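Shown next, in structure tokens, is the structure this report addresses.
The values are calculated or read from the model by the stated rules, or taken from the named source; none is laboratory data. These figures come from a predicted structure and were not determined experimentally. Here Cβ is always computed from backbone atoms with ideal geometry, including for glycine, and neighbour counts include all displayed protein chains. All accessible areas refer to the heavy atoms of the entire protein, side chains included, with ligands and DNA or RNA removed. Shrake-Rupley method; radii C 1.70, N 1.55, O 1.52, S 1.80 Å.
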Amino acid sequence: MIHPEHQRRAYLQAMGIDVWLPRGAPEPDEPEIIASDVAATGGLDWEELRQCVADCTRCELAESRIQAVFGVGNQDADWMIIGEAPGAEEDRRGEPFVGRAGKMLDEMLRAIGQSRTSVFIANTLKCRPPNNRDPKPAEASACRDYLERQIALIQPKIILAVGKIAAQNLLGSDDPVGRMRGRPHDLNGIPLVVTYHPAYLLRSPSQKSKSWSDLCLANRLVKESAA
Ligand code: URA
């Protein structure tokens, strides 16, 4: 696992910022990592990125996962769906959204004429948090550039952030989903729509109509970008 202090220094080094330490400052007792470990995904192609994610030890989730879950679908997709993190079934199978929530997501995709093979599905975290707890902010930030590289490689026409964790991390917001959904956002020039997580829709089916209007909004934004 990477010590947060090493990670901070590596980011600073990668940005070309000299890191000055007071004489005698205690060293974190984790092994040193090199800047390129955390800041060099920028030039990676798909296979290199996939390998990097598979081998990742940036946070403690590397110790408890069965495998990292990279993402699945069309690498030239118009639609990119971003969820939270793998659950137990996803960790076992190495594919995102394969449990009950996955079936719900499949239905949502079918409703807009898409499928698991036409879109690209990824998560905010590539590894399963134990007992399905929420991702820690440090885990999300350690994983962030993998997701950013995936977005840069795909260049989707629309990003659909499903659920609070994806939406808050992507938009750097603390707002609840109810306040973020229903309107277009912008992620570095890519339109982004927030909607409820499929697992939430399973628990609260009365919210499905709102999710449907979010999907329609996203569909409209894709069409507008093609016009
Ligand atoms: N929930 C998510 O957010 N992602 C998955 O891959 C599975 C369930």
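When you filter the trypsin sites (Lys or Arg not before Pro) in region 87-175 for DSSP loop state and at most 13 other Cβ atoms inside 10 Å of their Cβ, you are left with Arg133. Overall, the accessible surface of region 76-227 at a probe of 1.4 angstrom is composed of carbon and sulfur to the extent of 48 percent. Pairs exceeding a 21 Å alpha-carbon distance, out of Lys126/Lys164; Lys164/Lys208; Lys157/Lys208; Lys164/Lys210: Lys157/Lys208. Rounded to whole numbers, the Karplus 3J(HN,Hα) couplings from phi for region 134-145 are 5, x, 7, x, 5, 5, 5, 6, 5, 8, 4, 6 Hz, using 6.51 cos²θ - 1.76 cosθ + 1.60 with θ = phi - 60°, and x at Gly and Pro.
Treating only the Cβ atoms of Lys and Arg (+1) and Asp and Glu (-1) as charged, compute the dipole magnitude of region 133-220 about its Cα centre; round to the nearest 20 debye. Working shown, then result.
Details: 13 positive and 8 negative charges, 70 e Å.
Magnitude of the dipole: close to 340 debye.
What accessible area per residue comes out for region 61-141, rounded to a whole number of Å², with a 1.4 Å probe?
Working: 3500 Å² over 81 residues.
Accessible surface, normalised per residue, equals 43 Å².
Take region 147-198 with all the other protein chains still there, run a 1.4 Å probe, and you get 40 Å² of accessible area per residue.
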